[in-house]
Amino acid sequence: MSYEYEEQKIYQLTDFLIRGAADTAFYALCRLILKKHKTDDSFPKEKIFDHQESVLDKLKLPYQYYTEEDIKNRVLYVEASRGCPFKCEFCLSALDKTSLPFDIDVFLKQMEDLYNRGARNFKFVDRTFNLKIQTSLKILDFFLARLDEQLFLHFEIIPDRLPSALKEAIAKFPEGCLQFELGVQSFNPQVQSLISRKQDNKKTQENLNWLKAHSRAHIHADLIFALPGEDLNSFASGFNQLYELKPHDIQLGILKRLRGTPVIRHSEEYQLIFEPTAPYSILATRQINFALIQRVSRFARYWELLANSGHFKNSLKILLADQAFEHFLAFSDWLYEYSGKTHQISLRRLYDYMYYGSKALGGESLNIKHGHFKDHSGSQNNSLNTTMIQALLEDYKSAGLKGMPEFYKTLA
């Protein structure tokens, strides 16, 4: 608990508090307590212990403690570096001085031991895997030399940093092996400047296009809603821009004010209101009211169920057409009003909702005036309806569901 601890109730109940890196500080505190206990001395009078400096060179890597059960059934979390040199104000890493690497040879020896024990699923928790290209290449080359059908690697990469040497290595990996998480967060230059985020949007777009065209990696891209200075139209534009780049997943997050993050400095000017308790989600801003945040939160949930699931590839293309955010927001509003649910919705039921929702969006009652959705007749034989039915049936079959969806039975 490193930041703003005084106002947290749990702090009043604690015996000791460690601020900053706890790897060696916790060890030292435990030894101190044990020493005092053995000698019947009083416990340490100090309550707060600080350890802000890096101790990576003093750590023994812990990967031997992964059990055989872990290796068999889990994705293994590993880190080749810790920290981040960037200062994005919504992130606790904005408080880091830099990114510090573990000794790469020692680290790779540990990876070799895990690999020899049967480990194949590795998730790198490094904030910026491609910060130091030579290190990135060493890691990729290590796994390229050990490729098999089970190997899976997840990396979080800087979206505008993809030099040719890294591209060459990435292109060598087969499908199903690499997953890249790209934190785009916003395409709005003014918003990026406000939150101290340095990002070359043109290079980000070029790199996404390259990854889609020349690699077989799975691309997961992140956006954040309700950043200071962003309104609905600005966010919609950025979402549509990202959607056109065709990442496999778009993770839409709602801004949170983690304790200690510098984004709090914008609270007065941009009227940022956050939940006072975890997860500290944004409740309203100057441009975005509470009701709109609730709508976009439901949008994010439904997007996860429909778009990121991969089960609606054909039907979503019809629904989203050339205005992905606007059309899906209208569908999300309809779906919540119609079902009253954001959870516990079966996959079979989602196909019915897609059909009835797209049909409802053809009417003028929801103010959807784009040509793709016009259907004044209400007839089941119009071209939109027929195309959507065909697409939904293809998606339904691809999902491995048996029989016919319920909505189709009603058409007879």
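The values are calculated or read from the model by the stated rules, or taken from the named source; none is laboratory data. Being a predicted model, the structure only gives us computed values, none of them experimental. For neighbour counting, all protein chains shown are included, and Cβ atoms are generated from backbone atoms with ideal geometry for every residue, glycine included.
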Checked pairs for the stretch 11-26, first closer than 14 Å to Lys58 by Cα, second surrounded by fewer than 14 Cβ atoms within 10 Å (Cβ to Cβ) and charged (D, E, K, R), C-beta under 8 Å and 6 or more apart or across chains, list as Ala21/Glu53; Asp23/Lys58; Thr24/Lys58; Ala25/Asp50
Verdict on Val106 being touching a residue at least 60 places away in the same chain (Cβ under 8 Å), under 22 Å from Phe143 (Cα atoms) and assigned by TED's automatic domain parsing to the domain that holds Gly253: no
Looking only at the stretch 80-102, decide whether some residue is more than 16 Å from Ala22 (Cα to Cα), buried (at least 17 other Cβ atoms within 10 Å of the Cβ), charged (D, E, K, R) and touching a residue at least 12 places away in the same chain (Cβ under 8 Å). yes
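For the stretch 109-129, how many residues meet the condition of being touching a Cys at 6+ places or on another chain (Cβ under 8 Å) and either at pLDDT 95 or above or outside the structural domain of Pro163 (by TED's automatic domain parsing) (or both)? So that I can check it myself, show each step before the final result.
Narrowing the stretch 109-129 to residues touching a Cys at 6+ places or on another chain (Cβ under 8 Å): 127-128.
After this cut, where a residue has to be either at pLDDT 95 or above or outside the structural domain of Pro163 (by TED's automatic domain parsing) (or both) as well, the list is none.
Within the stretch 109-129, residues that are touching a Cys at 6+ places or on another chain (Cβ under 8 Å) and either at pLDDT 95 or above or outside the structural domain of Pro163 (by TED's automatic domain parsing) (or both) number 0.
Could you please give the count of residues in the stretch 383-411 that are in a loop (DSSP other than H, G, I, E, B), touching a residue at least 12 places away in the same chain (Cβ under 8 Å) and under 29 Å from the mean Cα position of the chain (by Cα)?
2
Taking the stretch 6-54 only, how many residues are modelled with pLDDT under 75 and closer than 30 Å to Pro276 by Cα? Reasoning before the result, please.
Start the filter on the stretch 6-54 by keeping residues that are modelled with pLDDT under 75, which leaves 37-46, 51-54.
Then keep just the ones that are closer than 30 Å to Pro276 by Cα; that gives 46, 51-53.
The total comes to 4.
Is it the case that Gln185 is modelled with pLDDT of 95 or more and at positive phi?
Here the answer is yes, as Gln185 does meet what is asked.
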Condition check: among the hydroxyl-bearing types (Ser, Thr, Tyr) and farther than 30 Å from Glu269 by Cβ. Does Ser196 satisfy that? no
Subset of the stretch 223-242 (residues that are surrounded by 19 or more Cβ atoms within 10 Å (Cβ to Cβ) and either within 12 Å of the chain's Cα centre (by Cα) or not acidic (Asp, Glu) (or both)): Leu223, Ile224, Phe225, Ala226, Leu227, Pro228, Gly229, Phe235, Gly238, Phe239, Leu242
Hey, can you tell me all the residues within the stretch 55-69 that are of a type outside the set (Lys, Arg), outside any helix (DSSP H, G or I) and at pLDDT 90 or above? Leu61, Pro62, Tyr66, Thr67
Pick from the stretch 70-109 the residues that are assigned to a loop (DSSP other than H, G, I, E, B) and of a type in the set (A, V, I, L, M): which of them is nearest to the chain's Cα centre (by Cα)? Val75
